[in-house]
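The values are calculated or read from the model by the stated rules, or taken from the named source; none is laboratory data. Not measured: the values here are computed from a predicted model. Backbone-built Cβ (ideal geometry, glycine too); neighbour counts: all protein chains shown. Side chains are part of the model used for accessible areas, which takes the heavy atoms of the whole protein and leaves out ligands, DNA and RNA. Shrake-Rupley method; radii C 1.70, N 1.55, O 1.52, S 1.80 Å.
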Amino acid sequence: MSEDSRGGGGRAAARRRRKPAKSRKALTIVAWSAAGVVLLGGAGLGWFYFKLNGNLKTVDIDGALGKDRPQNVDNGSMDILVLGSDSRGGANSEYGRDDGGSARSDTAMIIHLYDGHKKASVISIPRDTMVSRPPCTLPNGKTDKGRQREQFNEAFTIGGAACVVKTVEKMSGIRMDHYIEVDFTGFKKIIDNLGGVEVTTTKPIKDGSSHLDLPAGKNHLNGEQSLGLVRTRKSVGDGSDLGRIQLQQAFMKALIKQVKGIGIFDNPKRLMDLADTGTKSLTTDKSLGDVKSLLGFAQSLQGIDAQNMQMITLPVAADPLDPDRVVPLTKESKMVWDALLAEQPVPAEATARSAGDKSSAGEIVR
């Protein structure tokens with residue numbers, strides 16, 4: 001195993017149990033979906049409230065992982081693992097060959113909310129990062145012994161949510177407080193319910209794989225186009241997953257900047273549609289698996305604006321054993337995890353040597 005592909009699980013003793021947040025405003029579409037739920041409940045639509053509860057899918061991360069995790073220590077911060085599932089089965093089969101429902105983590109982000117929940121750091125993990133995967137429980141109840149060298153998104157394919165959480169915690173030494181998963185179809189429906197997203201492209205983007213064709217300039221994207229943008233890879237930057245990550249981060253910032261002005265709280269039908277679609281689209285950890293808990297989580301996200309969000313890609317370099325893969329840079333990755341553990345912004349030197357910091361894809365979208 002290359003030194004640069006090993007994580008920092010040894011720093012487990014300094015982790016945290018988080019305190020409730022007190023801030024307001026919007027971080028993600030998930031927050032708006034949950035906030036809408038509460039307004040609906042407050043309006044006396046109890047039947048809809050219970051319907052939304054029934055929409056949510058959950059996984060018992062704590063039950064699956066037990067005590068073999070970094071320690072929770074109370075310091076007011078929160079860490080959330082957010083995954084985009086790329087199963088091509090069922091409703092998602094139009095985005096590629098039907099795989100019978102076998103899922104991979106096409107997008108993975110660790111969102112670290114600092115104490116007070118007014119600032120955040122978002123760490124994107126390239127799906128083709130070679131990592132050491134710990135033993136994981138398989139869907140049939142048997143245990144896979146793990147591997148010293150495996151592509152990151154294989155953890156989700158092999159052992160689902162619990163396995164990928166365990167892998168992330170082994171890499172970082174940081175306990176994930178929550179888990180949120182959104183699938184392809186749900187993502188585009190959420191964007192459509194929001195009325196679309198406006199982005200400015202500095203050059204045309206045409207990508208046959210993601211079916212995206214955008215001219216340079218201002219573009220109002222519907223759900224299908226937004227999904228195409230965050231899936232685009234071959235036609236931007238160096239054509240790697242690192243360029244796609246930068247597009248995803250740019251899109252996320254554009255969404256956060258405008259979501260407050262969409263006026264969903266002034267449109268009851270849009271609010272209902274968004275809450276219904278959002279809860280149908282999500283899989284969460286068990287502690288977020290009801291409307292009341294999801295609402296509290298949403299409120300804890302609302303104090304963060306785009307300018308208060310630091311977005312980086314995990315520091316990586318080309319894998320010396322496979323040019324189509326990357327490995328974490330040991331020193332720089334440790335700087336990232338140590339900064340989060342110390343409640344500090346990620347220092348610039350952590351990404352200076354990273355291949356993920358050299359792609360120009362993020363400059364294409366404003």
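Just the accessible area per residue of segment 120-232, please: how many Å² with a 1.4 Å probe?
37 Å²
What ranking, highest mean first, results for peptides 129-135, 165-171, 339-345 when packing means the other Cβ atoms within 10 Å averaged over each residue?
165-171, 129-135, 339-345
Where does each of 209, 281 land when they are ordered by accessible area, with a 1.4 Å probe and the largest first?
Sorted descending by solvent-accessible area, the residues read 209, 281.
Taking 0.36 nm per residue of sequence separation and subtracting the Cα-Cα distance, how much length would be gained by fully extending the chain between residue 60 and residue 143, in nm to one decimal?
28.2 nm
Post the alpha-carbon centroid distance, segment 305-366 to segment 183-233, in whole angstrom.
Here the two parts' Cα centres lie 24 Å apart.
Assuming a viscosity of 0.692 mPa s and a temperature of 37 °C, what translational diffusion coefficient in µm² per second does Stokes-Einstein assign to segment 109-228, Rh being the Kirkwood radius over Cα pairs?
Result for D is 192 µm²/s.
Lysine pairs in segment 123-207 8 or more apart or on different chains: how many have alpha carbons under 27 angstrom apart?
Counting lysine pairs in segment 123-207 gives 8.
Taking the Cα of residue 200, stepping 7 Å toward and past its beta carbon, and measuring to each backbone N in segment 242-257: which are under 20 Å?
Of the residues in segment 242-257, 246-257 have backbone N under 20 Å from the label point off residue 200.
Normalised radius of gyration for segment 277-342, please: alpha carbon Rg relative to 2.2 N^0.38 Å, two decimal places.
Working it through for segment 277-342, the quotient is 1.64.
Give, as ranges by residue number, the residues of segment 240-254 whose backbone N falls under 19 Å from the point 7 Å along Cα→Cβ of residue 234.
The answer is 240-248.
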